Amino acid sequence: MTVVHLFPGQGSQWVGMGRALLASYPNLVRQADSVLGYSVAELCVEGPAERLADTRYTQCAMYVVDVLSYIDAVRTGGEIPDLVAGHSLGEYAALFAAGVFDFRTGLEIVVKRAELMAASGAGAMAAVIGLDEEAVRAVLERTGRPVDIANLNAPDQTVLSGPAEGMAEVSALAVEAGATVVPLKVSGAFHSRWMAPAAAEFERFLSGYVLARPKIPVLANTTARPHEQGELAGALVRQFTQPVRWHESVEYCLGRPDAELREIGPGTVLTGLTRRIVAARREPAATR
């Protein structure tokens, strides 16, 4: 059996998440509070929802709860995964699980990432459901708007990212093509060309850290393949401007011998995407 741990990212947060975990690991929670300058337990358990949904706080809270979920899963189950992957911000929890950095260092990096993404300027994101990647790209070509593919989540689910006015036009055309379009509650155009200035600053910041060799394989969002040691920092920088190749990542995991995929962290978003991907594998190509 190949045990795979999948870590969710921004969008899986909810007020009340991690209540028991945060109470069970007080030493790590104190470390987090000293880095953040506020109570992460209070943020996760009490909210308010508006603050927890703010990128500057969401990413930090998700990292803490993802990591504590992993520690607890290994502590109670006694089983180290054979492969790990995380969706966007979740990749940092996966890197922690692989020993690339310790808890505090990972949180310091996430704090900077969150600050840069939150300050990157206005933008919008939306999930396009019901069209495959080729059809979505055809819609983008028709508009000529500077809107990018941010997440390739499943065969029929793609997230777009760009300026609000361009997103409105693209979304309307996608609906005409038969898609359902769901705007995401974010303030920036993440994983797009519009994040280039933030990526450049993050690269300078990340150069001050030494990232250890992963002890277990970690899938990179930008390639859907295991990180290569010399490319680790570069891949994290490219994640700002390139799409999260989640569909390909899950396919890679499913291709491992007797793979068992387990979502580690709050919510079941990744479990739902895995089910969509598995179901699409079973459908005849003509019905898609």
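Some observations on this one:
- Criterion applied to LEU89, LEU43, LEU131 was being open to solvent by less than 40 Å² (accessible area, probe 1.4 Å), under 30 Å from ALA174 (Cα atoms) and touching a Lys or Arg at 6+ places or on another chain (Cβ under 9 Å), and the one residue passing it is LEU89.
- Which listed residue, of SER161, SER192, SER207, is small (Gly, Ala, Ser), under 23 Å from TYR92 (Cβ atoms), crowded, with 16+ Cβ neighbours inside 10 Å and free of Cβ contacts under 8 Å to residues at least 40 places away in the same chain: SER161
- Failed criterion for LEU107 (all others in (1) of a type outside the set (Val, Ile, Thr); (2) modelled with pLDDT under 95; (3) open to solvent by less than 10 Å² (accessible area, probe 1.4 Å) hold): (2)
- Selection over segment 1-14 of residues that are over 21 Å from ALA224 (Cβ atoms) and buried (at least 17 other Cβ atoms within 10 Å of the Cβ) gives a count of 1.
- Residue in segment 259-267 that is surrounded by 21 or more Cβ atoms within 10 Å (Cβ to Cβ), within 16 Å of the chain's Cα centre (by Cα) and among the small types (Gly, Ala, Ser) present: yes
- Qualifying residue in segment 138-158 (condition: touching a residue at least 60 places away in the same chain (Cβ under 8 Å) and farther than 21 Å from LEU89 by Cα): yes
- Scanning segment 26-40 for residues that are surrounded by 21 or more Cβ atoms within 10 Å (Cβ to Cβ) and without any contact (Cβ under 8 Å) to a residue 60 or more places away in the chain yields a single hit, VAL40.
The values are calculated or read from the model by the stated rules, or taken from the named source; none is laboratory data. Source: prediction; values computed, not measured. We place every Cβ from the backbone using ideal geometry, glycine too, and count neighbours over all the protein chains shown. Accessible surface is based on the protein model in full, side chains and every heavy atom, while ligands, DNA and RNA are left aside. Shrake-Rupley method; radii C 1.70, N 1.55, O 1.52, S 1.80 Å.
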